[in-house]
1. Determine the dipole magnitude for the chain: charges of +1 sit on the beta-carbon of Lys and Arg, -1 on that of Asp and Glu, nothing else is charged, the reference point is the Cα centre, and the result goes in debye to the nearest 20.
2. How much length, in nm to one decimal, is gained on full extension between residue 200 and residue 148, taken as 0.36 nm per residue of separation minus their Cα-Cα distance?
3. Based solely on its DSSP helices, what 222 nm [θ] is calculated for the chain when runs of n ≥ 4 H residues each add -39,500 (n - 2.57) and the sum is averaged over all residues, nearest 500 deg cm²/dmol?
4. Of the peptides 162-169, 106-113, 177-184, how do they stack up when ordered by the mean number of other Cβ atoms within 10 Å, highest first?
5. Run the quick spin-label model on residue 14 and residue 170: label points 7 Å from Cα toward the beta carbon, then report their separation in nm to one decimal.
6. Taking the Cα-to-Cβ direction at residue 43 and at residue 56 and moving 7 Å from each Cα, how far apart do the two end points lie in nm?
7. Residue-wise, which Karplus ³J(HN,Hα) couplings in Hz belong to the stretch 35-45, taking 6.51 cos²θ - 1.76 cosθ + 1.60, θ = phi - 60°, and x for glycine or proline?
8. Amide H neighbours of residue 103 under 5 Å, counting only residues 5+ apart in sequence or on other chains, H built in-plane at 1.01 Å?
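Every number in this text was worked out from the coordinates using simple rules, so none of it is lab data. On a predicted model such as this, the values are computed, not experimentally measured, just so you know. All Cβ positions, even for glycine, are placed from backbone atoms using ideal geometry, and neighbour counts span all protein chains on display.
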Amino acid sequence: MRTRIKICGITRIEDALLVAELGVDAVGLVFNAQSPRRVTVEQAAEIAKVLPAFVTKVGLFVDARAEQVSTARDEVGLDLIQFHGSETPNFCRGFNRPYIKAVRMREGIDVHAAVSAHSASAGVLLDSYMAGQVGGTGHSFDWSRIPSGLSRPLILAGGLNADNVTEAIRQVQPYAVDVSSGVEKDKGIKDPDRLAAFFEAVSEA
């Protein structure tokens with residue numbers, strides 16, 4: 001099965017066009033006010049307009065208010081919602097869109113229980129844990145900690161780049177990989193060479 005690719009933290013129209021040309025499956029738009037990759041609803045809507053058909057527009061939220069999620073969903077035309085905080089399953093299901101739930105791989109976490117709690121999700125994203133940071137850390141975690149037999153499609157994130165993603169896919173066999181800082185030249189500014197190398201590495205896997 002082909003491994004899908006999500007490029008997260010898109011902040012510029014030119015980067016959206018580039019990843020679409022490279023064959024991206026999904027583009028992540030960050031609405032977390034604490035993120036250096038944050039976009040406004042207006043910026044996200046402009047980016048969404050240039051994306052071709054069949055590129056999924058994903059909105060990333062961290063413990064946002066329901067009205068914030070609904071506004072972005074409607075004004076940007078989000079296809080999928082990614083929840084990266086402590087949102088409950090009931091909250092995540094409340095927006096008439098498929099959703100994915102991020103699980104940060106802190107020590108001692110019961111991954112099966114975390115995934116089972118979100119049995120209605122379209123997938124679960126496993127990300128590195130760093131205190132005080134939510135995604136985009138640039139650090140990977142020990143992939144051997146991922147248990148087998150998860151009940152939802154697995155999206156692997158956390159410190160991926162062109163140098164390690166081939167091995168990550170071979171070891172974990174995720175449904176998709178998600179990258180942000182590993183293809184950047186600055187926070188929120190994607191690097192064309194790193195992007196091309198990442199797509200090539202995924203295809204090699």
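1. My answer is approximately 440 debye.
2. Here the answer is 16.1 nm.
3. Rounded to the nearest 500, the figure is -8000 deg cm²/dmol.
4. Final packing ranking: 177-184, 162-169, 106-113.
5. Computed distance between label sites residue 14 and residue 170 equals 3.6 nm.
6. In this crude spin-label approximation the distance works out to 2.4 nm.
7. Values per residue, Gly and Pro as x: 8, x, 9, 5, 10, 7, 4, 5, 5, 4, 5 Hz.
8. 125, 126, 127
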